Amino acid sequence: MRARVFRRIAFAGVLLVMGCGSLGCALGRPETVGSQLIDGVRSDPDRRGLVVSYVGGACDGPAHLVLTESSTRVELNVVVQASSGACADVGIPRTVGARLAQPIGQRTVWAGGREQILFDGAALLVPSSLPADFAGMAERGLSTEPASTPAESLVTTIWVTTHLDGGPDSTSDEGRVTRGAIEGQIGPTSTDPFRGGTRVRTVKVGTNVAHLYRFGSSKTPRGWAYVWTVDARRIQVKNDINCPGDRLLSPTELLRVAESLRPV
C-alpha cells in the first residue's frame, strides 16, 4: 500500500496531497502568496482569529499568516518558505491561521487590495466521533465574486474540512491511508441534485432528512455521501477512496460520523 502524503504547517495543521506517493524538495527564501491564490478566509468561531485557504505548491515549506490591524480593517499576508527548485506538483490546497489582537467586530478583512468576505466560523460543524486512526485534518475554502458587490470583493461561500486516515510518521512525516478521507462540506443550498453520484436512499440524520449517494457501481462503490439542509445551509459528509488498497467506510460507519456533527 502506498502513502498519501500530508505535512503539518504553522498554525493550521496540514498540507494535503490528494494522490499516492511521496515528495521531497529543497526550500528557498520566504515568499508572499499572491492574493489571486487565496481561495477563501474564515473566522474562528469566537471571531478572534482568521484561517486562510490558499493554493500552494507541493514542495512548499512552513507558512505563517501576518495580520496588520487597524480600527477599521485587517490586512493579511500569507508568507511561505517556497521551493528553491522546480517542483512538478502544483495547485495544492493549504491553510494557515493566526489570532487577532482584538475580535474582528465590524472591521473588514483585506488581502492584496481585495476585500475578503469571511465564512463565519460559528457555522462550522465538527464530528465528535470518527473511526479509529483518522488523525490528520485539512481545510479548504471556496469563494465566489458576486455581481452585487464591488469587483474587488471575494465571498467565501463554502468551507470543506477533510479528516485523513492515519497520523504523521515521526521519521518520514508521512501517513498511511487505508480508508480514504472523510470530507465535511458546508455551503449554500442548491436545488440541483448531487452531481457525480447516484441517490440510493433517504435516511434521518438527527431530525433532518438526508439523502445517501453512491459513487461508482453498486458492485464496486468508490464513495458515499450524505447530503441534507440545515438553516438554509447544505451539509455534505462524504467518504471516498483514492489510493490502491484503500477500504471504503460502510454507509453505516459514515452515518455515525454525520450524526455526531456538533457546533465547534
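The values are calculated or read from the model by the stated rules, or taken from the named source; none is laboratory data. Model, not experiment: these values are computed from the prediction. Don't worry about glycine lacking a Cβ; one is built from the backbone with ideal geometry, like all the others, and counts go over all protein chains shown.
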message = Pairs please, first residue from segment 102-128 and in contact (Cβ under 8 Å) with a residue 12 or more places away in the chain and under 23 Å from A138 (Cα atoms), second anywhere and in a loop (DSSP other than H, G, I, E, B) and acidic (D, E), Cβ atoms under 7 Å, 6+ apart in sequence or on different chains.
response = G121/D44
task = Return a yes/no flag: does segment 218-229 have any residue that is among the hydroxyl-bearing types (S, T, Y) and assigned to a loop (DSSP other than H, G, I, E, B).
result = yes
query = Just checking, which of L248, L212, L255 is part of a loop (DSSP other than H, G, I, E, B) and aliphatic (A, V, I, L, M)?
reply = L248
Residues located in segment 242-256, provided they are of a type in the set (A, V, I, L, M, F, W, C) and either more than 28 Å from R42 (Cα to Cα) or under 17 Å from the mean Cα position of the chain (by Cα) (or both) = C243, L248, L249
task = Kindly indicate the residue of segment 160-184 that is in a strand (DSSP E or B) and either touching a Ser or Thr at 6+ places or on another chain (Cβ under 8 Å) or loosely packed, with under 13 Cβ neighbours inside 10 Å (or both) and also modelled with the lowest pLDDT among those meeting that condition.
result = A181
task = Report those strands (runs of 3 or more DSSP E) wholly inside segment 74-144 carrying at least 1 residues which are crowded, with 16+ Cβ neighbours inside 10 Å, modelled with pLDDT under 90 and not aliphatic (A, V, I, L, M).
result = 90-99, 114-117, 136-144
note = Reported set for segment 230-259 where residues are farther than 11 Å from R179 by Cβ and loosely packed, with under 14 Cβ neighbours inside 10 Å is D231, A232, P244, T252
